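This report concerns only the one structure given below.
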Amino acid sequence: MSTNLQLALPGLVVEREVEWVFSEDAAEEIMVESFVHTTVMRDLVAQMLRENAKTDAPLFVDATLGGGGHTEALLESSDAVRVIGFDRDPAAREAAAARLARFGDRLRIVAAPFSRLPEELAALGVAHVDGLCADLGVSSPQLDDAGRGMSFRREGPIDMRMDPTSGETALELIDRLSDEELADVIFRLGDERRSRRIARSLKRALQENDLHTTLDLRRAIVRAVGPVRVGGVDPATRTFQALRIKVNAELEELETLLAVARDVLAPGAPCAIISFHSLEDRLVKQAFRVREQWNVVTKKPLGPSPEEEEANPRARSAKLRVATLPMAADVDDGDAAPESEEP
């Protein structure tokens, strides 16, 4: 077992006590017990799916099984409910399997990203499901595990993959992309105006063999843009987000999910999606707005209660949108729904 070392966040300018974080061994094994995730809008998602399902014995898909919170709420709602849970993270699948073992064969766990819904459901002999939910983005265990390298608050490898067994790491991505390509990724996916300066600094650090851990990555960003101002957002936040989204093809996965959901849902079945940043929410909003493809249930996105936000600060940016697949009689040859005043 590795020894934890305390490291102050480099470049952090504060008027209060310096924040300390733990540096963990990057090779530390991910244990099932460590995958503890506070599910956002757990009961509300289950309620929206149950209320809008067209059958009393529904088969649901949880496209982002994670720690199993939404699936647990669905299975607890009725003994007639069954769920197929998808997740590409082996630690999440193992933790969910342990947490939900009491439900027996009412739960089936699939090791796959949600972009493979049609193929995986077909392999199970399932033509259509009665509802679908997805909780997008990264989970708290993934953020908090130093070995994943998704956060600059813990020192670990520059990895950022949701499935640590396959695909390109963030460090490999930085190495592969040109300065211009890397800057475009940081600007487009992180909304970072200083993307070109940051990209040059990252490539320079790589060339100088000074880019090995997440704290090295943050230092290179700080060198390009300066330290955080008092009360401001850490300068590494947007770049870390952009690299993580790119590594995991999160927007491409979401676009695929929104397209294939119409093929796997039964007529009238609900689709509930929680997003955490504007890029995701914009895609969901635009897809649900097409009237001949979806009937919108939530005219404006739903958010967590004040009590939930207080208990789980990471839930504050969550937006839940729900729509149902039209019944055959609902399909109209008219135009898309008009623009909304919603945020």
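The values are calculated or read from the model by the stated rules, or taken from the named source; none is laboratory data. If you're wondering where the values come from, they're calculated on a predicted model, not measured in any experiment. Note that we place each Cβ from the backbone using ideal geometry, even for glycine, and neighbour counts take in every protein chain shown.
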Taking the stretch 116-142 and keeping only residues that are farther than 18 Å from Leu325 by Cβ and within 22 Å of the chain's Cα centre (by Cα), one is left with Arg116, Glu119, Glu120, Asp135, Leu136, Gly137, Val138, Ser139, Ser140, Pro141, Gln142
Every listed condition ((1) touching a helix residue (DSSP H, G or I) at 6+ places or on another chain (Cβ under 7 Å); (2) buried (at least 17 other Cβ atoms within 10 Å of the Cβ); (3) assigned to a helix (DSSP H, G or I)) holds for Arg219 save (1)
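Within the stretch 79-98, track down each residue that is aliphatic (A, V, I, L, M) and assigned to a helix (DSSP H, G or I). Outline the logic, then answer.
Of all residues in the stretch 79-98, those aliphatic (A, V, I, L, M) come to 80-81, 83-84, 91-92, 95-98.
If the condition is that a residue be aliphatic (A, V, I, L, M) and assigned to a helix (DSSP H, G or I), then Ala91, Ala92, Ala95, Ala96, Ala97, Ala98 are the ones that fit.
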Flagged pairs (Cβ under 6 angstrom, 6 or more apart or on separate chains; first in the stretch 42-63, at pLDDT 95 or above; second surrounded by 15 or more Cβ atoms within 10 Å (Cβ to Cβ) and among the polar types (S, T, N, Q)) are Ala46/Ser77; Arg50/Ser77; Asn52/Thr324; Asp62/Thr71
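Listed here are the residues, each with its yes/no results for (1) surrounded by fewer than 22 Cβ atoms within 10 Å (Cβ to Cβ); (2) touching a Gly at 6+ places or on another chain (Cβ under 7 Å).
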position: Met41; (1), (2): no, no
position: Lys54; (1), (2): yes, yes
position: Gly66; (1), (2): no, no
position: Thr71; (1), (2): no, yes
position: Val81; (1), (2): no, no
position: Ala112; (1), (2): yes, no
position: Gly125; (1), (2): yes, no
Taking the stretch 83-96 and the residues there that are under 26 Å from Glu51 (Cα atoms), touching a Gly at 6+ places or on another chain (Cβ under 8 Å) and of a type outside the set (Asp, Glu), the one that is surrounded by the fewest Cβ atoms within 10 Å (Cβ to Cβ) would be Gly85
* Asked: Any chance the stretch 238-257 includes a residue that's in contact with a Phe, Trp or Tyr (Cβ under 9 Å, 6 or more places away or on another chain) and surrounded by fewer than 18 Cβ atoms within 10 Å (Cβ to Cβ)?
  -> yes
**OP:** May I ask you to verify whether Ala205 is crowded, with 20+ Cβ neighbours inside 10 Å and over 19 Å from Gly149 (Cβ atoms)?
**Re:** no
Considering residues that are touching a Leu at 6+ places or on another chain (Cβ under 8 Å), surrounded by fewer than 23 Cβ atoms within 10 Å (Cβ to Cβ), more than 23 Å from Gly167 (Cβ to Cβ) and of a type outside the set (D, E, K, R), the number found within the stretch 97-110 is 2
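This table checks each residue for (1) on the phi > 0 side of the Ramachandran plot; (2) charged (D, E, K, R).
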residue	(1), (2)
Ala91	no, no
Ala95	no, no
Arg102	no, yes
Leu117	no, no
Asp135	no, yes
Ser139	no, no
Gly149	yes, no
Asp159	no, yes
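Pull up the stretch 304-319, narrow it to residues that are without any contact (Cβ under 8 Å) to a residue 60 or more places away in the chain and either touching a Leu at 6+ places or on another chain (Cβ under 9 Å) or among the charged types (D, E, K, R) (or both), then point me to the one that is surrounded by the fewest Cβ atoms within 10 Å (Cβ to Cβ). Outline the logic, then answer.
Of the residues in the stretch 304-319, the ones without any contact (Cβ under 8 Å) to a residue 60 or more places away in the chain are 305-307, 309-310, 313, 316-317, 319.
Imposing the further condition that a residue be either touching a Leu at 6+ places or on another chain (Cβ under 9 Å) or among the charged types (D, E, K, R) (or both) reduces the set to 305, 307, 309-310, 316, 319.
Numbers: Ser305: 12, Glu307: 8, Glu309: 16, Glu310: 11, Arg316: 14, Lys319: 24.
Here the residue is Glu307.
Counting only residues that are of a type in the set (D, E, K, R), part of a helix (DSSP H, G or I) and either modelled with pLDDT of 90 or more or farther than 30 Å from Glu172 by Cα (or both), how many does the stretch 107-153 have?
The first filter runs over the stretch 107-153 and keeps only residues of a type in the set (D, E, K, R), leaving 108, 116, 119-120, 130, 135, 144-145, 148, 153.
Retained after the next criterion (residues that are part of a helix (DSSP H, G or I)): 116, 119-120, 144, 148.
Those still in the list that are either modelled with pLDDT of 90 or more or farther than 30 Å from Glu172 by Cα (or both) too: 116, 119-120.
So the count comes out to 3.
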Of the conditions (1) under 21 Å from Leu254 (Cα atoms); (2) in contact with a helix residue (DSSP H, G or I) (Cβ under 9 Å, 6 or more places away or on another chain); (3) among the polar types (S, T, N, Q), the single one that Ser166 does not satisfy is (2)
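Answer yes if at least one residue in the stretch 288-306 is small (Gly, Ala, Ser), modelled with pLDDT under 90 and more than 24 Å from Ala242 (Cβ to Cβ), and no otherwise.
Applying the first criterion (small (Gly, Ala, Ser)) to the stretch 288-306 yields 303, 305.
With modelled with pLDDT under 90 added as a condition, the list becomes none.
No; the residues of the stretch 288-306 include none that is small (Gly, Ala, Ser), modelled with pLDDT under 90 and more than 24 Å from Ala242 (Cβ to Cβ).
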Inset, instruction - Determine whether the stretch 245-264 contains at least one residue that is within 30 Å of Gly149 (Cβ to Cβ) and not in a helix (DSSP H, G or I). - result: yes
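Of everything in the stretch 222-244, what is closer than 21 Å to Ala146 by Cα, hydrophobic (A, V, I, L, M, F, W, C) and not in a helix (DSSP H, G or I)? Give them in sequence order.
Residues of the stretch 222-244 closer than 21 Å to Ala146 by Cα: 222, 233-244.
Retained after the next criterion (residues that are hydrophobic (A, V, I, L, M, F, W, C)): 222, 233, 236, 240, 242-243.
Within the stretch 222-244, Val233, Ala236 qualify.
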